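Since the structure comes first, as structure tokens, the remarks are kept for the end.
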Amino acid sequence: MRLRTIFIMLILSISVFGADLTIEVKKKVDSLADIAIEDASGIYDQTMQKRFFKALYADLNVLSLFNVDKHKYQNSYDASDVAVQNKDKEYVLRYKVSQSDFGKLMVSIKLFHNHQVDFIKSYKASPKAYIFISHAIAFDINRYMGEKDIDWIKKKIVFAKITGKKRSQIIIADYTMTYQHPVIKGGFNIFPKWANKEQSGIYFTSLSRKKPILRYLDLKKAKIKNIVSSDGMVVCSDVSEDGNKLLITMAPNAQTDIFLYNRQTRKLHRLTTYRGIDVGGQFVAGGKIVFISDRLGYPNVFLKSIGSKSVEQLVYYGRTNASCSAHGNYIVYKARESSNLFSSNTFNLHLISLNSNKVRRLTATGINEYPRFSNDGETILFVKKYKRQSSIGIIRLAYNKSYLFPIHGGEIQSLDW
């Protein structure tokens, strides 16, 4: 793959591929290649053309590899060279949107590098799922540029949205929430969690009956089955990489504890026995878990080995560290950083590693919550609330860049990626 003039400055002298993500990695903005987008769709639906351009513009920005021109230029798909306005651009992405005889949305692209076509591909999907074509194009361009695969950009998220008093929906969406498809309506169903890497099923908590029930929805068969129930609370907070083990928060004796559930044997094993609050267990490397506990008189993040009784405080920065997510040796957690009596407090996300004592703050303003790692551990999805606006946030850890996508309608209760 071609050499590119992208220089990386690290705070410490480390390789980018072996980088500690708790260390802020910066790329010079002026060293990024310029890219422009040309629309060659002709007389095709103007609304769809605008939507597709907006989607491509956002996805190319999220790649963090280019300075993306915000203007949409017109050109013929078969033109041998780029539009005159783009003659000085190193890269130009040209697309053509059309519709097949069977109602499918068709998108063809050409990627120009220094006025030469270097990459051509076609895509198709239902018109309602056009955003996934944009994500697939971004995935392919990222691979063309010689970067590490970003499977997460094509993954779906699942979230619960409050629709009324004790009413909710569980919805599957893309990471920008442009596409949304409700899979469970009616009742009060919350805390959805993907059941496997293939995203073929979800766990969720049903509060529509006398006892909370952890249930499983098979998305392919459209069938629901009960897993386990408990007084007070039952929530699946994490699933092992092979999909066979679950970390479940339950309260069989009034106080919440963390249990390990084996799908194959259908047996529960209690991992914590504290007479207080233990919730939100997450698998980490080395047969360990992290979880939230009030052992210090306020919520904080703790670490323990499965099978061991000893517990270790993990976080010493921030107060009210009420939620966390883990990937390998990394943990991202939410911490309160202000104490305002008459206005909203600030809750920021921080990144730590089991291998160091460094803390990297990832956000700066508002309420930032529900952090979730991508499947490669190098990108974080979260929800940001700031000035009465809620947004989905994306943080590219290795690029020190973040992006926001506004959320419209309804309050998100929880999400998973």
Taking the stretch 124-155 and keeping only residues that are aromatic (Phe, Trp, Tyr) and surrounded by fewer than 18 Cβ atoms within 10 Å (Cβ to Cβ), one is left with 144
Scanning the stretch 370-417 for residues that are surrounded by fewer than 19 Cβ atoms within 10 Å (Cβ to Cβ) and of a type in the set (Asp, Glu), the one farthest from residue 148 (Cα to Cα) turns out to be 411
Restricting the stretch 25-51 to residues that are in contact with a helix residue (DSSP H, G or I) (Cβ under 9 Å, 6 or more places away or on another chain), modelled with pLDDT under 75 and not β-branched (Val, Ile, Thr), the one nearest to residue 360 (Cα to Cα) turns out to be 26
Considering residues that are within 15 Å of residue 65 (Cα to Cα) and in a helix (DSSP H, G or I), the number found within the stretch 136-165 is 9
Query raised in the report: Would it be correct to say that residue 73 is surrounded by 14 or more Cβ atoms within 10 Å (Cβ to Cβ), in the same structural domain as residue 109 (by TED's automatic domain parsing), modelled with pLDDT of 95 or more and assigned to a helix (DSSP H, G or I)?
Result: no
Residue count, the stretch 156-170, condition among the basic types (Lys, Arg) and surrounded by 15 or more Cβ atoms within 10 Å (Cβ to Cβ), comes to 2
From the option list 128, 110, single residue qualifying as touching a residue at least 12 places away in the same chain (Cβ under 8 Å), not assigned by TED's automatic domain parsing to the domain that holds residue 398 and not in a helix (DSSP H, G or I) is 110
> Of the residues that make up the stretch 337-345, is at least one modelled with pLDDT under 95, part of a strand (DSSP E or B) and surrounded by 13 or more Cβ atoms within 10 Å (Cβ to Cβ)?
Replying inline: no
Of those in the stretch 171-196 that are under 15 Å from residue 237 (Cα atoms) and touching a residue at least 60 places away in the same chain (Cβ under 8 Å), the residue surrounded by the fewest Cβ atoms within 10 Å (Cβ to Cβ) is 190
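The values are calculated or read from the model by the stated rules, or taken from the named source; none is laboratory data. Since this is a predicted model, take the numbers as computed values, not measurements. With ideal geometry, Cβ positions are generated from the backbone for all residues, glycine too; neighbour counts draw on all protein chains shown.
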